[in-house]
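What follows is a short report on a single structure.
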4 protein chains.
Amino acid sequence: MRTPIVIVNFKLYEISIARALDISKSIEQVSRKLGVEVALAVPATMIREISSNVSLPIYAQHVDDDQLGAHTGSITPELIKEAGARGTLLNHSERRIRLDQVANVIERLSSLGMDSVLCVDRRELVAPAALMGPTAVLVEPPELIGSGRSVSKVRPEIVSESVKAVKVNQSVRLIVGAGISTYEDVIKAMELGADGVGAASAVMKSNSPASVVEEFAKAIRDRRLAP
Amino acid sequence: MRTPIVIVNFKLYEISIARALDISKSIEQVSRKLGVEVALAVPATMIREISSNVSLPIYAQHVDDDQLGAHTGSITPELIKEAGARGTLLNHSERRIRLDQVANVIERLSSLGMDSVLCVDRRELVAPAALMGPTAVLVEPPELIGSGRSVSKVRPEIVSESVKAVKVNQSVRLIVGAGISTYEDVIKAMELGADGVGAASAVMKSNSPASVVEEFAKAIRDRRLAP
Amino acid sequence: MRTPIVIVNFKLYEISIARALDISKSIEQVSRKLGVEVALAVPATMIREISSNVSLPIYAQHVDDDQLGAHTGSITPELIKEAGARGTLLNHSERRIRLDQVANVIERLSSLGMDSVLCVDRRELVAPAALMGPTAVLVEPPELIGSGRSVSKVRPEIVSESVKAVKVNQSVRLIVGAGISTYEDVIKAMELGADGVGAASAVMKSNSPASVVEEFAKAIRDRRLAP
Amino acid sequence: MRTPIVIVNFKLYEISIARALDISKSIEQVSRKLGVEVALAVPATMIREISSNVSLPIYAQHVDDDQLGAHTGSITPELIKEAGARGTLLNHSERRIRLDQVANVIERLSSLGMDSVLCVDRRELVAPAALMGPTAVLVEPPELIGSGRSVSKVRPEIVSESVKAVKVNQSVRLIVGAGISTYEDVIKAMELGADGVGAASAVMKSNSPASVVEEFAKAIRDRRLAP
């Protein structure tokens, strides 16, 4: 995972593959123009099409802890890799999973050379999560998700303490999300030490998703250029 | 749903989209040659690619009962429809769901004009399942799944009683599965009154999946031609 | 199950066993005085104590579909029977279970001679539920639960259609719940053909739970006496 | 939690409260005689009766992460405390729970002054688990559960590495389980640094559960007396 990074979670906001592709391509241009990494977490049915047409890292939104073979209705790490995903979100607040499955899936993703972005809802879980060895921990206070009030402004201590907590495992990145909507939200998150930001509704419910991502990417670029 | 039908559940037996496409195209030829309907239930990541290249009904293996919008990691009826699916398996023994979700999802699929194949594990559930209004009920005794011993031969009474039970809702088809592996297994299922058969391992673990489906399709054709 | 019946779901409204016993005993007096059956669905930790001290039918609020032996943390039909329960609620809107588990647990309860009260959220599920063979189907539109607006007054057609639907299995009773709070709510439910009513918050959040139950019981008695 | 400790998980091996009480009382005598702490994890329906009659720490086998009030079928920390439990097992291999629920429930138990014994299936999860702040981490390789082959003899490195890993949180105890059946199994576990052992089938499937526990307790006493 190249950082700093913006992760855009498409959730189920856009079901048309044509429009999802348009959004993805516009974001790709922003990413190139500003030299900022942007990853897209898309529905499983869209992974192949988007990853084939867009040169951004494409993530799944969830994977199941089932083995290949006689399993029906599961999406596994191998399956999303084959479809072109570079990794997946894991344990999102809208798709929590069991502790043992978190560990199993991180291990499988790792052995496949894939990224795992393990979501947690509180700073107290950042260190335990980091010790499980994901690529990144994404901390998102659920009460701010979709609220338009950003965790970095409203609850800066969550970011700064998470940044400290993640150091228990030096190889793990710390990403923050929930309410991230503006250039300032991202600047603030980067100042507090985050390796990236996650966003969903602020991007996907906008009339111009790429413009929102552009604000985020500019913040990252400006912060990088700051002396 | 055109019946009699063969439903092939790919499960997670084949993760390469190239090989999954090859298998699908070979089965498509069999279906055309013999004039027998064959539906393929494939992983969510493969629905778009296979449905775009193969003119057979493509089914998902599972859908979630979540609404569009702020949901992460879900596969909904709308999403699989957009990807090209004609319907989905539901409540497979490897992916059981809650009673209320069964009802919700059948209703959503129906309002989208899609097929729902509701799986149950025993004849006693065929009538309740049929009353929930799916396109078809697929009865599969779990102990015979993947066993090579077919429900139609080993437990014919399950088939005949299910055929009777499904009549509680005249618009619902009755499909049988579990251990269906040979021409004779299918003949027997059709004689007992089934509207189709489901198969997975017998097809997908074969060196020549299309040849196995061809045996099944021949059985259906021969039975149809029988005086 | 003797009907007409009032089922009081204690939920987690009262954690003190002393107060739960007091409430149970007061309700027992009401039941005796008016000759109306009242069953209490109590937390698993309270079943033994309440059933030992109160001669009303005591129900669990949920049971798991696990076998005896090497299972940890489960509450099974055998366990609640041994503790003194006469049956259990099943698939309550706050504890939905899988379709196959509904069937398994009803079968186990039945073979133990215990009552099963299968909850569903809509009239469309009453017939399928009845065909699974529970002692009673309890239909509760979730949007009215705890609302104080009773299903029998606000949505009488749900009651009357459920009464019709349950007849698919003559041995199954039809109970209605959600918002049942007053004498009139119960009268109306009985007029519409229900075999009983379920209540929770209207009773348990009252300063005098037994007085609320007394209103319900009077309604049942008066309706019974009506020419 | 007084350590070293033996935790006996009754699972669902014994459903008669009379026999469960007999076993509990016999184990109580062993505990007193040898001055070794023994805790019993019993079904929720038995907590009140056993804790009222036996002066050993009584644990639940699982608790749910639901709030008091309008919840049906849940067993919460408050409920088991009121019934007399001193704490609970959590996330047992036969009852895994979600990562966020682990954190929530540990916090609730802690604020109620109760013990939480967080079960994990591998040494790699010991440190993350310890950082979540339970009273103890119980590591049990599932493949050895009920096998009669003890983790301390067959996989001593799991014990020794878990003992090291738990030190990430100095206030957390390390207990080992799976296959613990004999005096020697316990001696070995204590030598490797464990603060206690967990057992289930070896005790509960024995004709004389208290005799088995006595062997375990002797091992703990002898090890304590060792120079």
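The numbers here are math on the coordinates, done by the rules we state, and not lab data. Remember, predicted model here, so these are calculated numbers, not experimental data. Here the Cβ positions follow ideal geometry from the backbone for every residue, glycine too, while neighbour counts run over all protein chains shown.
Summary of values
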quantity: Computed magnitude of the charge dipole of chain A (debye, nearest 20; Cβ of K, R +1, Cβ of D, E -1); calculated: 500
quantity: Surface/4 estimate of mean projected area, convex hull on alpha-carbon atoms of region B:83-190, nm²; calculated: 6.9
quantity: Those aspartates and glutamates that a straight Cα-Cα span of less than 19 Å connects to B:Lys218, excepting residues fewer than 8 apart in one chain; calculated: B:Glu28, B:Glu37, B:Glu184, B:Asp185, B:Glu191, B:Asp195
quantity: 13 Å beta-carbon shell around C:Ser171, net charge (K/R +1, D/E -1); calculated: 0
quantity: Estimated [θ] at 222 nm from DSSP helical runs (n ≥ 4, -39500 (n - 2.57)) normalised by residues in chain D, nearest 500; calculated: -12000 deg cm²/dmol
quantity: Rg [Å, one decimal], Dmax [Å, integer] - region A:1-60, C-alpha atoms; calculated: 10.6, 29
quantity: Average projected area [Cα convex hull, region B:7-139], square nanometres; calculated: 8.3
quantity: Whole-number D in µm² s⁻¹ for region A:28-85, Kirkwood Cα-pair radius fed into Stokes-Einstein, 4 °C, 1.567 mPa s; calculated: 105
quantity: Theoretical FRET efficiency, 1/(1+(r/R0)^6), r = Cβ-Cβ of B:Ser206 and B:Lys25, R0 22 Å, to 0.05; calculated: 0.85
quantity: In range of the label at D:Thr3: residues from region D:169-196 whose backbone nitrogen is under 19 Å from the point 7 Å along Cα→Cβ; calculated: D:169-180, D:185-196
quantity: 20 Å binning of all Cα-Cα separations within the protein assembly as shown, expressed as whole percents from 0 upward; calculated: 14, 39, 39, 8, 0
quantity: Calculated SAXS-style log₁₀ I(q)/I(0) at q = 0.11, 0.15, 0.16 Å⁻¹ - chain D, Debye, Cα scatterers; calculated: -0.48, -0.93, -1.07
quantity: Relative contact order %, chain D, counting alpha carbon pairs below 8 Å whose residues are six or more apart; calculated: 20
quantity: The protein assembly as shown, dipole about Cα centre (Lys/Arg Cβ +1, Asp/Glu Cβ -1), debye to the nearest 20; calculated: 0
quantity: Within a Gaussian network of chain B (alpha carbon springs, distance under 10 Å), most fluctuating of B:Ala200, B:Ala165, B:Ala136; calculated: B:Ala165
quantity: Centre separation in Å (Cα based) which lies between region B:53-128 and region A:120-141; calculated: 33
quantity: Max mean-square fluctuation residue, GNM over chain C, Cα-Cα springs under 10 Å, options C:Ala18, C:Ala85, C:Ala129; calculated: C:Ala18
quantity: Per-copy distances of the D:Gly69 label point, shortest first, in nm (7 angstrom along Cα→Cβ); calculated: 2.1, 4.2, 4.6
quantity: Teacher prompt: B:Ser208 distances to equivalent labels in other copies, 7 Å Cα→Cβ, nm; calculated: 6.0, 6.7, 8.4
quantity: For chain C, built as a Gaussian network whose Cα springs stay under 10 Å, the top-fluctuating residue of C:Pro128, C:Pro77, C:Pro57; calculated: C:Pro128
quantity: C:Ser110 versus C:Ala18: modelled label distance in nm, points set 7 Å from Cα along the beta carbon direction; calculated: 4.4
quantity: Rounded Å value of the spacing that divides the Cα centres of region A:4-43 and region B:154-211; calculated: 44
quantity: Local net charge near D:Ser206, Cβ-Cβ under 12 Å (Lys/Arg +1, Asp/Glu -1); calculated: -2
quantity: Of A:Lys153/C:Lys11; B:Lys164/C:Lys81; B:Lys33/B:Lys167; D:Lys167/D:Lys188, those spanning more than 28 Å from alpha-carbon to alpha-carbon; calculated: A:Lys153/C:Lys11; B:Lys164/C:Lys81; B:Lys33/B:Lys167
quantity: Hz values of 3J(HN,Hα) by residue in region C:164-174 - Karplus curve (6.51, -1.76, 1.60), Gly and Pro given as x; calculated: 5, 5, 5, 5, 4, 9, 4, 8, 9, 8, 10
quantity: Nearest-first distances (nm) between copies at C:Arg19, label 7 Å from Cα via Cβ; calculated: 3.8, 5.1, 6.3
